[in-house]
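Contents: one structure, followed by commentary.
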Amino acid sequence: MLSSSKLVLFSFQENPQKFITPRSIFPDSQFSFRHRKFLKDIYLLQAENSHKAKNESPNQEFQKVLSKSPKPKEPLASILLPPLPVSNRDSINSSLSLTPMPMLHQNESTPIFKKKTIKFDKLQGRRSTLAYYPPVTIKNSVIRCSCKSRIGSVMDISKPQNQDNFIITSNLKSLRGQYLFAVCDGHGEDGHEVSSLIKKKFPKILLRNLPENPSGNKEIYYEAIRKSYSEINNLVMNGNFDSEYSGSTFVSVLIVGNHVFCANVGDSRAVLGRFNETWQAIDLSNDQKPNRKDESVRIIEKGGRIEANGTSDLLRIWKACENSPGLAMTRSIGDAVAKEIGVICEPEIIDLRLLSTDKFIIIASDGVWDYINSLESVQIVSKAWKKGKSELCCETLLDEAVKRWRNNTESIDDITILVIFLRAKTL
């Protein structure tokens, strides 16, 4: 076989009037630097001999022809789209009712605000996986989200710490249409430390466990969620605070396109507001309390006992021969002592596909649910939802919860509420 240089010289000698271009010699080849330089010299020589270059110099014409040559194919690894930052803060229009605070870095935790509203109208994110395949797109089902939190009090004196926390994360895996919303309600001496650690670490853990691209196999998401809950529980158990008698509830809502996965441990709750001639409340989670027979069986089998503490009708979990830990839920993050008698961190998961009649999702700590049931919460929020104001939805529900606490007791629990507006047709 002739080398490339011999092939060019032979063609030039046989047909001195015929132009030899890189494309005509090697139509399907990739050129090295040496090949390109050699061909350029040959091409310029031919151009001068034939006087063809009238308005363009031989060098300009060569560059023009060379630009039409086939480009080398990229290796598979190089065509993967680069990952985008998880935080899309610059593309989110936020409005806070409090005095504006400096923008936080990604590795800083966001403090509890009285009100926080985030719009998700023009989020940027990755749409495709590999350039060889059609773009992967998923529906963006979320319009906006608001959050409001209130510290608890006893006889109108505020408690030292608000032990509630919340999570709002968009563009999971840099894909538009994937969101994580969550509320965690700490308890025990260091309950606020537990909920703060969950807020800071859980989104990163879940990101690591989620599939790179949306999957139609929901078991993949179930496994990712369960694994993430187990990992965050291990982090809490090894934290630099009391995790023996301190812990937290944790209800999370993962939205992937129009598919919702709600995972829950404890007695915080998520509710879907659906309008189909009348308002309906669809529970996305079930409270895990000792009064549930299926949950109490596990506690008793592990040697625990379930009794009220004498001053209240509220059932609590105790060791067989000790008046501890007195936990009022059968699943939680943390609570090492309670884990010895059947309390677990494995979440119950409920999934569903959103319909056009699904209008909003409420996620709240038990400061709401102690005196307001799921249907009442949907009816209360729906009045503000019709006005298109998610902040007002949170305020209205919180005000009603505080009112009912005051009508029943001298103390008020911490209250945190998230309201998520879904992209659906209006009434």
Item to complete: Would you check if SER243 is within 17 Å of the chain's Cα centre (by Cα), of a type outside the set (A, V, I, L, M) and outside any helix (DSSP H, G or I)?
Response: no
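How about segment 137-196: which strands (runs of 3 or more DSSP E) wholly inside it have at least 3 residues that are under 23 Å from ARG208 (Cβ atoms) and in contact with a helix residue (DSSP H, G or I) (Cβ under 9 Å, 6 or more places away or on another chain)?
Correct list: 164-170, 178-187.
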Practice prompt. Kindly indicate the residue of segment 134-162 that is more than 24 Å from ASP185 (Cβ to Cβ) and of a type in the set (Val, Ile, Thr) and also modelled with the highest pLDDT among those meeting that condition.
Written response: ILE143
Worksheet item: Which one is surrounded by the fewest Cβ atoms within 10 Å (Cβ to Cβ) among residues in segment 350-374 that are among the aliphatic types (A, V, I, L, M) and in contact with a Ser or Thr (Cβ under 9 Å, 6 or more places away or on another chain)?
Response: ILE350
Worksheet item: Condition test on ASP399, is it acidic (Asp, Glu), in the same structural domain as ILE168 (by TED's automatic domain parsing) and free of Cβ contacts under 8 Å to residues at least 12 places away in the same chain?
Response: yes
Practice prompt. Using the structure shown, decide if SER195 is within 25 Å of LEU422 (Cβ to Cβ) and crowded, with 17+ Cβ neighbours inside 10 Å.
Written response: no
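The values are calculated or read from the model by the stated rules, or taken from the named source; none is laboratory data. Only a predicted model underlies this, so the values are computations on that prediction, with no experimental measurement involved. All Cβ positions, even for glycine, are placed from backbone atoms using ideal geometry, and neighbour counts span all protein chains on display.
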